[in-house]
Structure formats: structure tokens, C-alpha cells
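The structure under discussion appears below in the form of C-alpha cells.
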Amino acid sequence: MPNIPRFLIAAPASGTGKTTVTLALLAALKARGLDPVSFKCGPDYIDPMFHRAVLDIPSYNLDLFFTPPETVRYLVATHARGRGAAVIEGVMGYYDGSGTGADASSYEIARVTDTPVILVVSARGAFLSIAATIKGFKEFRPDSGIAGVILNDCSKPLFEMAREMLEAETGLKMLGHLPRLEDCVIGSRHLGLVTAQEITDLQAKLERLGEAAQTYIDLDALLEIAAAAPEVAGSAPIPGPAPGVPPAHRPGISVSRPRIAVSRPRIAVARDAAFCFYYEDNLALLEQAGAELVPFSPLCDDGLPENTHAVYLGGGYPELYADKLSRNTAMLACIHSAAGAGMPILAECGGFLYLHETLEDDTGQAHAMAGVIKGRGYKTPGLQRFGYARLTARRDNMLCRAGESIPGHEFHHWDTTAPGDAFMAEKTGGKTWPCIVADGNLFAGFPHLYFYGNPAFAVNFVNAAARYMEAHG
């Protein structure tokens, strides 16, 4: 297998400029004709949307809480095959992982994939202290993998003045800098950055960032570091569409194969400004399990796509669009009717709230929703049950049998009077809580699932859609 030129963008902490530098480099590498691919460490949906806006191809998540190292290596090797470069954007500070350790951190991703690391350091308000920060991160672990540095928020004169000193003090190559570009700043809200589709002049911003990277960053030196990355390969269980043929073996996974009669079952996937949080590999696994995915908009459409056999309602910002969602009574009635008719529905976080009787907007005003779940979604002062958890079924349901489990992640400021109790969620530290409404054809809750953590969940959802297709045509 040929080497995949690659590097990981890390930083001392969140808010240092990882996403800005990553977007600038993706745009510059694309302009060079390298056809790059991108990845994001951790359970993030928003940054990959910006990656996709640059490259016009999907961006993929890498997460060592969700999957073992073999699967992470497989995803890098598979998605980056044939590309001129792979860029991995880190999460939080370089060594920050789940809990108080480095588990599932950007450092761990770099280590298990043998990916060289470029440290992005803010130059604001410091000079010699920048060297202390860089040297501390480089030497904190002997296998840090840090191979170069980019200074962010740094003027050209400051970079030229500091470059020689920083290289002498740290032993690392200063690959360049990015000045602060006020016209390229991306706004934030309670779950992070605003989404890519909300920025009307996004392409102009991305073009400006790419030009800045080409001007101020030594791309040749960066690519030399990337080219030195060793081969990467792994393996993962991949479900296939053929009935009766199990996926690659992985202990603890039992799979019921979809029985496809004439054509593939069609799963309607909510895709609009209110519902946009999906892992690309989740969607790919549903397709590999035999489904046809069809987008629809709960905001704008008056019904589900023709010949829909299941519905996937992802997360997003329904609370910001609660009034418009509520006024689309035709869609609400369609979803309610489909649920009543036994159509399989998988809903995560924002999609879960959409199925409630009412949902409060960001001002606290309640709006009518689909009424599939008897309860109300309401605003809270802060994050609720934030973080990773392993979800274990307390009883048989549409996606698995009692006792089976899958990794998940919660990240929401809204809560519910009807959280469900079909699963027990458990954090690494031992905290537990009941969650998820899983009755008959419904699987809905705050946790976001990652199907590579247990591909049987994806296969069984497709199986349910196939049964509905056979029963209803």
C-alpha cells in the first residue's frame, strides 16, 4: 500500500485557531491540485461541514472512544486512498481526551495512526513564552510526534523576528504563520461555530484563507513532513447488502441481515438548517447495509419523499427554527402518521426533540412539534449530561437485543420531560442514567450513535426498513 501523505493540526487549547488554519491549508492544498481529504478528531459535526465546504467531498470523524485503533487506521487508509494529502484536524488541546487523561485525544489519534503533528500556537501577547509553550508540548510526551509549528494571529514582522529564536529554542521548524484576518472570522453559538450553510459569503472567506496560506506558510516544507508519514492500514467490520451473509466478525455483535425484496429500502434523512448533524460514516454504513438514502427538509417540504420506508432524524438546531418547524403542519402530520403506521424512525438529539409534543425555542416559548413522543423539550441553563457514554440496552428493541451496547455522545443545552429508559448510559467514571425511547418502530434519544462502534445497529435499522417495505410496498 503506498504511503498516504498526512499531518494532524493540533493546538495547546480550544480557541487557538485549529479550524481556521485547517481550512486555510485545505484550500491551499486544493489550489495546488493535490485533491486532499480531511478528517476531524472526536465527535464533531460542525468542523467537518466547513471542511466539506472547502473540498466539496465528505469529511470523516476519527474517534478512539467510539472505535478501536484498528478501525481508526482503517478509516484513514480507506478514505485517504489515492489522495495527494490527508489533513486531520485535532480536538480541544492536543493532549486533552475523555475525562482527565489522554484517552481519545488528538495525541492518541496521531500516535495510533503514525501521523506527524503540526502545532498551531497563538502569537498574541507573547514572544519568548511562545517557545516555552511549544517546547512544553513537544517534550510532554517522548512520542509527541510534533514535527512543525504554525503561528496564528501573527504579523509578518513578528514572525520574521521570532522565527530564528523559536527554532533554536524548540528544535522545530517554524512552517509559517497566519495573520489575523478579520474578514474571515466565523461566529459561534452554544454548540460551537455557526454551521457552514449559514454563512452567505463562506466561499469568499475560504478563498481568502487559502490565499493567505499560500502566501505565509511554507507548503513545500509542510508537504515534506506529510510525505514522511509511514504506511497506515487497519481493518473494520463492514456490513454488506447480501441477505444471509454476516459482516466481518467482531465479538459481541449479533446481526440480523436485511431481507430486500425488489429494491433497496429508502431511508429519508432530514437534511436542512435545523437537522444537519450526521457522521458521514454512519450514512455510508447504512448504504453498505443495503439502504438508499433520500434527503428531505422538515423545514421546507410538505411530506416525506415518495416510497419512504424509514426516517432518520439527526441532530442540529431545531430550537433555533422551532417556529418555522411548528408552522410546517403538513410535515408534522406526515411524521406523526408515519410513526403511527409503524414506519421505523431513528432520531438523535435535535431529531428526538422534534418528535416531542412541544419544543421551546431559545427564548423559552413553546412550539408544537410532531407529537410522536408524549413530552416537551425545554431550554436549560447549560450543557446536560455532556460527553461520551456507553449505551446498553435494557430490553430488546428495533436496533439491538437486551444487553447489547454501542458508544455514544451527548452534547445539548435542551432537555426533555420524556428521556426514555430503554437504555442505560454509563460514563467512564461510572455515572449512569436511563435514556432513549425505544418502542416498536421508534428509537429516539439525546445520544448520538456511531455505527462503527457496533455496525449491527445500522444493519438492523436497514432490516427494519426492509420489513416495512415488504409489508407496505
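The HN-Hα couplings worked out from phi for the stretch 271-276 by the Karplus form 6.51 cos²θ - 1.76 cosθ + 1.60 (θ = phi - 60°) are 9, 7, 5, 7, 10, 9 Hz, whole numbers, x standing for Gly and Pro.
The listed peptides 327-334, 16-23, ordered by packing as a protection proxy, come out as 16-23, 327-334 (highest mean of other Cβ atoms within 10 Å first). Using alpha carbons only, the radius of gyration of the stretch 1-152 set against its Kirkwood radius gives Rg/Rh = 0.95. Taking 7 Å steps out from each Cα toward its Cβ at ASP103 and GLU207 produces label points 4.7 nm apart.
Its relative contact order, with pairs defined as Cα atoms under 8 Å and 6+ residues apart, puts the chain at 14 percent.
Does the stretch 99-190 come out rounded, prolate or oblate by the C-alpha gyration tensor, with a ≥ b ≥ c the root eigenvalues, rounded set by a/c under 1.5 and, if not, prolate when a/b is larger than b/c and oblate if not? It is oblate, given that a/c is not under 1.5 and a/b is not larger than b/c. The value of relative contact order for the stretch 6-227, using C-alpha pairs under 8 Å at least six residues apart, is 25 percent. Of all aspartates and glutamates in the structure, those lying under 16 Å Cα to Cα from LYS379, and not within fewer than 8 positions of it along the same chain, are GLU319, ASP323, GLU357, GLU360, ASP361, ASP362, GLU410, ASP415.
Which percent, nearest 5, of DSSP beta bridges in the stretch 6-227 are antiparallel? Among the beta bridges of the stretch 6-227, antiparallel pairing accounts for roughly 10 percent. Protection proxy ranking of 61-70, 436-445, by the mean of other Cβ atoms within 10 Å over each peptide's residues and highest first, is 436-445, 61-70. Of all beta bridges DSSP finds with both residues in the stretch 266-472, what is the antiparallel percent, to the nearest 5? Of the beta bridges lying entirely in the stretch 266-472, close to 60 percent run antiparallel. Distance between the 7 Å Cα→Cβ label points at GLU306 and ARG124: 5.4 nm. For LYS173, a cut-off of 14 angstrom between C-alpha atoms picks up these aspartates and glutamates, skipping any fewer than 8 places away in its own chain: GLU160, GLU164, ASP218, ASP220, GLU224. Between PRO142, ALA339, ALA31, the Cα set farthest toward the positive side of the dipole of the chain (charges on each charged residue's Cβ, about the Cα centre) is that of ALA339. Model label points for GLU139 and ALA341, set 7 angstrom from Cα along the Cα-to-Cβ axis, are 6.8 nm apart.
Need one number: % antiparallel among DSSP beta bridges in the chain, to the nearest 5. Given both bridge residues lie in the chain, the antiparallel proportion sits at roughly 40 percent.
Note on the stretch 333-473: Cα-Cα pairs beyond 21 Å make up 42% of the total pair count. Here, the chain has an Rg and a Dmax of 22.9, 72 Å when only alpha carbons are counted.
Values in this text are rule-based calculations from the coordinates and carry no lab data. Source: prediction; values computed, not measured. Please note: Cβ atoms are built from the backbone with ideal geometry, for glycine as well, and neighbour counts cover all protein chains shown.
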